[in-house]
Structures are given as structure tokens and as C-alpha cells.
Amino acid sequence: QVQLVESGGGLVQPGGSLRLSCAASGFPFSDKGMSWYRQVPGKEREWVATIGSTSSTYYADSVKGRATISRDNAKNTVYLQMNSLKPEDTAVYYCKVIRTDYWGQGTQVTVSS
């Protein structure tokens, strides 16, 4: 079955960096685009970034210039590097297989001094 396991979240100070990982299994990873979303309690889940099967990338305006999505098909893993983190980046971050309803369980990112 499809499994998506996020990791790499944590507490970071404003201006800091984090790299989130999403390890995937149960489907042909290299053939699928992958996305990152984030959600704050009480708000809708927000799209953050997408990487296509050919590694084309797309970013939400809120993270453009501060985030880099990448993938390692040999490791079946997609990454989200976040730099210059702001308190408003605090959220649970989820990975998703695009055009499906397969989601990971999420990893908490907290940006606070």
C-alpha cells in the first residue's frame, strides 16, 4: 500500500532553515509528481510546492525564493528545503502524491524565538 512518511520538522528560530523529507513507498515514485502542503489549526490546508516527475518545480508565492523542492528517485524521497523561516511558516507540513488522495501523516514545523 502507499506510504508517505514525513520527517525533519522541529523548532527553529526565525531566519533559520529546515529540510523536510518525505519517504515514499508502494507506488512507482519516479513516475509521479509530489507536492508539499501545510496547515495551521483552524485554517485550510495550503499548497506550498510541487515537483513533477521530470523535476519541474512550482512554488506558492508565500515561499517562493525561500523554499526548494527536490527529489531523489533512487531513495524514493522528496525534500523541501526551507530557508529564512518566518513565524508564519509555523504549520504541520504534509507531502502528497499529486492527482491522488495519498497524504503523509505530517511533520510539525515551529518557527519561534
Out of all the residues in segment 72-95, is one or more polar (S, T, N, Q) and without any contact (Cβ under 8 Å) to a residue 40 or more places away in the chain? no
Can you tell me how many residues in segment 101-112 are over 16 Å from R38 (Cβ atoms) and either touching a residue at least 40 places away in the same chain (Cβ under 8 Å) or buried (at least 21 other Cβ atoms within 10 Å of the Cβ) (or both)? 1
For the list (1) at pLDDT 95 or above; (2) open to solvent by 50 Å² or more (accessible area, probe 1.4 Å); (3) out of contact with any strand residue (DSSP E or B) (no Cβ under 8 Å at 6 or more places or on another chain), I need the number of the one condition that T54 fails. (1)
Just checking, does segment 1-10 include any residue being closer than 17 Å to Q81 by Cβ, at pLDDT below 95, of a type outside the set (D, E, K, R) and out of contact with any Gly (no Cβ under 9 Å at 6 or more places or on another chain)? no
Test for Q81: is it loosely packed, with under 12 Cβ neighbours inside 10 Å and either under 12 Å from the mean Cα position of the chain (by Cα) or under 22 Å from G10 (Cβ atoms) (or both): no
Flagged in segment 6-32 as exposed (fewer than 15 other Cβ atoms within 10 Å of the Cβ), within 11 Å of the chain's Cα centre (by Cα) and of a type outside the set (D, E, K, R), in numbering order, are S7
Can you tell which of T54, T50, T68 is over 11 Å from the mean Cα position of the chain (by Cα) and hydroxyl-bearing (S, T, Y)? T54
Give the residues of segment 33-51 that are open to solvent by 40 Å² or more (accessible area, probe 1.4 Å) and farther than 16 Å from V5 by Cα, sorted by residue number. Q39, V40, P41, G42, K43, E44, R45, E46, W47
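The values are calculated or read from the model by the stated rules, or taken from the named source; none is laboratory data. Here the structure is a predicted model, which means the values were calculated and not measured. Every residue, glycine as well, gets a Cβ built from its backbone with ideal geometry; the counts of neighbours run over all protein chains shown. Each accessible area value is taken on the protein alone, full model and side chains, heavy atoms only, with ligands, DNA and RNA left out. Shrake-Rupley method; radii C 1.70, N 1.55, O 1.52, S 1.80 Å.
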